[in-house]
Amino acid sequence: MQGLLLLNKPAGMTSFAAVAALKRLAGEKRVGHTGTLDPMATGVLPVLFGRATALSGLLLEADKRYTAAIRLGLTTDSDDITGRVLVEKPVAVTPEQLTQTLTDFTGTILQRPPAYSAIKKDGVRLYRLAREGKSPEVPARQVTVHAITQTSPIHDDHVFTVDVRVSKGTYIRSLARDIGQALGCGACLSSLCRTAASGFDLSDCVPLDRLTAENIGQYVVSEERAVSHLRAVSVTEKQAVRFCNGGQLAFERLKLTDPAENELFRVKFGDTLLGVGRADILREEVAIACVLNRFQGG
């Protein structure tokens, strides 16, 4: 099996477990997702099968969008509601204060990843160190919050919701924590749903409990859909063989106009997506980013 499946990941399951379930249903060993969701989170999880897994790294670069519920007054060790409570404070936040704080977190910001995350420190994932009671210093990283919109007022349980669109590598748990710190009362993430990722919307996704070994193939679409936003370049039979064997393709022979440095392209022979190429401006060539469907020539 080869292609793309858009999964609406259920709550209470790791992304790894979701992929394992799909492996069993599809009977395919090569299965991978394109961006981890926390166990408590739901929503868009693009999953690739077969040779299409080569696209995983490319899709990780895409922006993502979430609906998040943030609980004010509560600070936890995991920065979400499932963690151990560290501090609980009274909440006295006005609507005006919250609006201004959300504005302050829009744009390019520095963010410290959660203690419980898959980021590695000296080769060890942070969540493993956290479980051992260790708290290594992890440098803040630059991320971008493209937009954050409050979608509900602060309720009696001190929870409010936001719609947020962010760059890759942004932790919504960290965003919730930092908003709480800025307000002086602390906060943690109460719930999270990824509503868009890699150009796909939640409405495109299928729930895991709808899938069976008999019907999963009906939900697997061409891997080209995962990169449909990229410009396509058509190649000749000779160029197709060269590309699939690791050769670069000259801009001039491709009649490629105005490529940007490192721009990605769909490389196609007829209706077949051979793979993805990456522009090398200095050499004036398209180099291989990945090969998906090999072509040996007629």
*What are the residues in the stretch 193-226 that are farther than 14 Å from LEU6 by Cβ and of a type in the set (A, V, I, L, M, F, W, C), if any?*
CYS193, ALA213
*Of GLN181, GLN248, which residue is over 30 Å from GLY83 (Cα atoms) and either among the polar types (S, T, N, Q) or touching a Gly at 6+ places or on another chain (Cβ under 6 Å) (or both)?*
GLN248
*Check whether at least one residue in the stretch 115-134 is modelled with pLDDT of 95 or more, at negative phi and open to solvent by less than 40 Å² (accessible area, probe 1.4 Å), and report yes or no.*
no
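A quick yes/no check of all residues on (1) under 28 Å from VAL276 (Cα atoms); (2) aromatic (Phe, Trp, Tyr); (3) in contact (Cβ under 8 Å) with a residue 40 or more places away in the chain:
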site: GLY27; (1), (2), (3): yes, no, yes
site: ASP38; (1), (2), (3): no, no, yes
site: THR53; (1), (2), (3): yes, no, no
site: LEU58; (1), (2), (3): yes, no, yes
site: THR67; (1), (2), (3): no, no, yes
site: ILE70; (1), (2), (3): no, no, yes
site: ASP77; (1), (2), (3): no, no, yes
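Examine the stretch 73-87 for a residue that is farther than 30 Å from THR99 by Cβ and open to solvent by 40 Å² or more (accessible area, probe 1.4 Å), and state whether such a residue exists.
Taking the stretch 73-87 first, the residues farther than 30 Å from THR99 by Cβ are 84.
Applying the additional criterion that residues be open to solvent by 40 Å² or more (accessible area, probe 1.4 Å) yields 84.
Yes: the stretch 73-87 contains one or more residues that are farther than 30 Å from THR99 by Cβ and open to solvent by 40 Å² or more (accessible area, probe 1.4 Å).
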_Quick check on the stretch 199-218. Is at least one of its residues within 19 Å of SER56 (Cβ to Cβ), crowded, with 16+ Cβ neighbours inside 10 Å and touching a Gly at 6+ places or on another chain (Cβ under 8 Å)?_
yes
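Restricting the search to the stretch 8-25, which residues are within 21 Å of ARG173 (Cβ to Cβ) and either in contact (Cβ under 8 Å) with a residue 40 or more places away in the chain or aliphatic (A, V, I, L, M) (or both)? Break it down into steps so the answer makes sense when it comes.
As a first pass, look at the stretch 8-25 and keep what is within 21 Å of ARG173 (Cβ to Cβ): 8-18.
Within the stretch 8-25, ASN8, LYS9, PRO10, ALA11, MET13, ALA17, ALA18 qualify.
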*From the list ALA232, ALA187, pick out the single residue that is over 30 Å from THR76 (Cα atoms) and not charged (D, E, K, R).*
ALA232
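For the stretch 5-31: of the residues being within 15 Å of ARG51 (Cβ to Cβ) and in contact with a Gly (Cβ under 7 Å, 6 or more places away or on another chain), which is most open to solvent (accessible area, probe 1.4 Å)? So that I can check it myself, show each step before the final result.
Going residue by residue through the stretch 5-31, those that are within 15 Å of ARG51 (Cβ to Cβ) are 5, 26, 28-31.
From what is left, the residues that are in contact with a Gly (Cβ under 7 Å, 6 or more places away or on another chain) are 28, 30.
Details: GLU28: 28, ARG30: 125 Å².
The extreme case among them is ARG30.
Here is a yes/no grid of residues against (1) of a type in the set (A, V, I, L, M); (2) more than 15 Å from PHE200 (Cα to Cα):
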site	(1), (2)
THR14	no, yes
ALA17	yes, yes
LEU25	yes, yes
ARG30	no, yes
GLY43	no, no
GLU61	no, no
GLY83	no, yes
*asked:* Show me the helices (runs of 4 or more DSSP H) entirely contained within the stretch 210-296 in which 1 or more residues are in contact (Cβ under 8 Å) with a residue 60 or more places away in the chain.
replied: 216-219, 237-244
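How many residues are part of a helix (DSSP H, G or I) and aliphatic (A, V, I, L, M) when one looks only at the stretch 23-63?
Looking only at the stretch 23-63, we keep the residues that are part of a helix (DSSP H, G or I), and these are 23-26, 50-59.
Imposing the further condition that a residue be aliphatic (A, V, I, L, M) reduces the set to 25-26, 52, 54-55, 58-59.
Total meeting the criteria: 7.
The values are calculated or read from the model by the stated rules, or taken from the named source; none is laboratory data. This one's a predicted model, so the numbers in the text were calculated from it and none came from an experiment. No Cβ is skipped: glycine too gets one built from the backbone with ideal geometry, and neighbour counts run over all protein chains shown. Surface accessibility is based on the protein's heavy atoms, side chains included, excluding ligands, DNA and RNA. Shrake-Rupley method; radii C 1.70, N 1.55, O 1.52, S 1.80 Å.
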